[in-house]
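S.K.: One structure, as structure tokens, below. Some questions next.
Bear in mind these aren't lab numbers, they're just calculated from the coordinates by the rules spelled out. Please read these numbers as outputs of a predicted model, since none were measured by experiment. No Cβ is skipped: glycine too gets one built from the backbone with ideal geometry, and neighbour counts run over all protein chains shown.
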Amino acid sequence: MSAARVAVIGGGLAGLAAAAELRRRGVVPVVFEREASVGGVVRTIHRDGWLIDTGPAMAAEPSPVVRELLDAVGVSNVTVRAGSAGATRYIVLNGAPVLLPRTTSELSSSSLLSIAGRLRLLKERLIPAQRDVSDESVDRFARRRFGAEMAERMFDPLIASTSAGDPRQILARYAFPAIVDQGRAGSALQRSARARIESRRRAKGRASGSWSCADGMQQLAERLAAWSGDVRTSTSVRRIRSIAGGMEVSASGAEAERFDAVIVAVPATGFGAITFDLPAADRLLAVSTIPHVSVASVSLGFRRDSVGHPLDASRLLVPSIERRNVLSMVFPSSLFPDRAPPDHVLITAFVGGVFQPDLISRGDTELVAAVLEECSSLLAVSGPPVLVNVARWPKTLPQAVAGHGERLAEVDRVERAESRIAFTGAWRDGLAVGEVLLGGVQAAGRIAAQLS
Ligand SMILES: Cc1cc2nc3c(=O)[nH]c(=O)nc-3n(C[C@H](O)[C@H](O)[C@H](O)COP(=O)(O)OP(=O)(O)OC[C@H]3O[C@@H](n4cnc5c(N)ncnc54)[C@H](O)[C@@H]3O)c2cc1C
């Protein structure tokens, strides 16, 4: 009997992880990707000795199943780990960067919080657990459990640096599922400290922490694609139809093709361009209503001696109450080798997001000038950049706001009505690279189980 064939629509990290996992399970994947290259928002540029990731520049330690896939497809051989800088972050406090506390005890003695803020934080263990937090925003959750200062100084910039969203709108259970679970069971502070000790104990003897690939994040996408086999780039899927005992996929410039099943890994904003001819397909309209925000990444390279700040960290977080023109800044050359030529440093700033949507529509010169001003004031940059790269990401970051759970429930219903289709991607499984890869692996697992 010949192996089952599954169409994977979308060659971003979700689709590529799904395809690679299918292949590992003995199923034949065929990836359809609209663009000329795979990776989706993953994009690595090589220019005059610089390596610039204009989308994701690093990933957090993945779950064991994702690690297994990365080992199998040869990504682990090209993985580079962030050195000690990876565990350090700065945060802007009253116009200047200060070290972000890493532990509860560092936090309770840090200048980040006033004495009143620290006392309020210590009271967290007395706050009664709340069972139903399904509609609670990040801001409300953080204020209720940890106090206003923690909400404004810690949770707000973490949201800015991940989804560029509004913490008063983003739901806590999607943005910080582990902390919300811990808070539901009692003191989140005590439990997360215990969880950290436990994960350090488990990681003993093996490398862990933030990682990328030697040749940038694009190498991750390319390794997954190479392992998957049949990847058809510059091919846009227009229609997906249930047929007797299988699924039919129609793509641009090709005859409709029959598959045993389909995994849809396109962004929520791409659903409108595909006709879904399946049972309960009208429920997929809910996916198109997920709001998205736009960001731009502005990468600037400097001579090392023109930057006063040591950049001895992974990033600089920026609370919105500081009213700056950047959402966060990442320091790739402090994390991984060969991101900048010798004696140079690379800084990538993110701008735009829900609070400053107009910023990214400015011309490159104005945008770069705004970021340079922030670099000079926050990082003591004194010389001109020797490298400039601007990448715009319009309506790219999905926002898990009120109604998100209901929207995802509609997708569950479609999967129940047509067991030969599975949906995955950042809009469903979480934004971070590790979450997206895990979502793809799990979608492949559901389909492989169905086919066997
Ligand atoms: C600027 C930026 C920086 C980020 N930084 C980080 C970071 O440092 N760390 C981290 O963990 N996460 C980061 N993220 C988040 C993470 O990179 C993304 O959430 C993740 O890569 C999204 O993967 P995806 O496969 O769901 O979607 P996408 O990457 O959007 O891939 C979907 C693919 O589907 C294709 N497609 C769409 N429609 C069709 C169609 N009809 N037919 C065929 N193909 C189609 C698209 O062309 C695209 O290639 C960042 C995101 C952005 C935008």
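S.K.: Output ³J(HN,Hα) for segment 359-367: one whole-Hz value per residue in order, computed from phi by the Karplus curve 6.51 cos²θ - 1.76 cosθ + 1.60 with θ = phi - 60°, and x for Gly and Pro.
M.R.: Whole-Hz 3J(HN,Hα) from phi for segment 359-367: 4, 6, 8, 5, x, 4, 4, 5, 5.
S.K.: Sequence gap at least 6, Cα distance under 8 Å: using those rules, report the relative contact order of segment 292-398 to the nearest whole percent.
M.R.: 47 percent
S.K.: HN-Hα J couplings of segment 346-355 from phi, Karplus 6.51/-1.76/1.60, θ = phi - 60°, integer Hz, Gly and Pro as x?
M.R.: Ordered by residue, 3J(HN,Hα) equals 10, 10, 10, 9, 9, 10, x, x, 5, 8 Hz.
S.K.: If you don't mind, another one. Taking amide H positions as placed 1.01 Å from N in the peptide plane, with prolines and chain starts having none, which residues 5 or more places from Val8, or on another chain, fall under 5 Å of its amide H?
M.R.: Val30, Val31, Phe32, Ile263
S.K.: For the chain, what is the relative contact order in percent, using Cα pairs closer than 8 Å and at least 6 residues apart in sequence?
M.R.: 26 percent.
S.K.: Measure out, as a whole number of angstrom, how far apart the alpha-carbon centroids of segment 51-86 and segment 391-452 sit.
M.R.: Cα centroid of segment 51-86 versus Cα centroid of segment 391-452: 21 Å apart.
S.K.: Okay, moving on. Would you pull out the residues with amide H under 5 Å of Ala400's amide H, same chain only if 5 or more places away, H placed 1.01 Å from N?
M.R.: For Ala400, whose amide H was placed from the backbone, the distant partners under 5 Å are Leu171.
S.K.: In terms of modelled amide H atoms, which long-range or inter-chain residues lie less than 5 Å from the amide H of Glu35?
M.R.: Ser234, Thr235
S.K.: Using only the Cα atoms of segment 317-452, what are the Rg and Dmax in Å?
M.R.: 20.3, 62
S.K.: Against the globular-protein guess of 2.2 N^0.38 Å, express the Cα radius of gyration of segment 266-357 as a ratio, rounded to two decimals.
M.R.: Cα-based Rg divided by the globular estimate yields 1.60.
S.K.: Using θ = phi - 60° and the Karplus curve 6.51 cos²θ - 1.76 cosθ + 1.60, what whole-Hz ³J(HN,Hα) does each residue of segment 280-296 get, with Gly and Pro shown as x?
M.R.: 6, 4, 4, 5, 6, 4, 4, 5, 5, 8, 5, x, 10, 10, 9, 9, 10
S.K.: To continue, here is another question. In nm, to one decimal, how far is the modelled label at Gln450 from the one at Ser105, with both set 7 Å along Cα→Cβ?
M.R.: The modelled label-to-label distance comes out at 5.1 nm.
S.K.: Per residue of the chain, what 222 nm ellipticity follows from adding -39500 (n - 2.57) for every DSSP H run with n ≥ 4, rounded to the nearest 500?
M.R.: The per-residue figure over the chain is -9500 deg cm²/dmol.
S.K.: Rg (Å, one decimal) plus Dmax (Å, integer) for the alpha carbons of the chain?
M.R.: 22.3, 70
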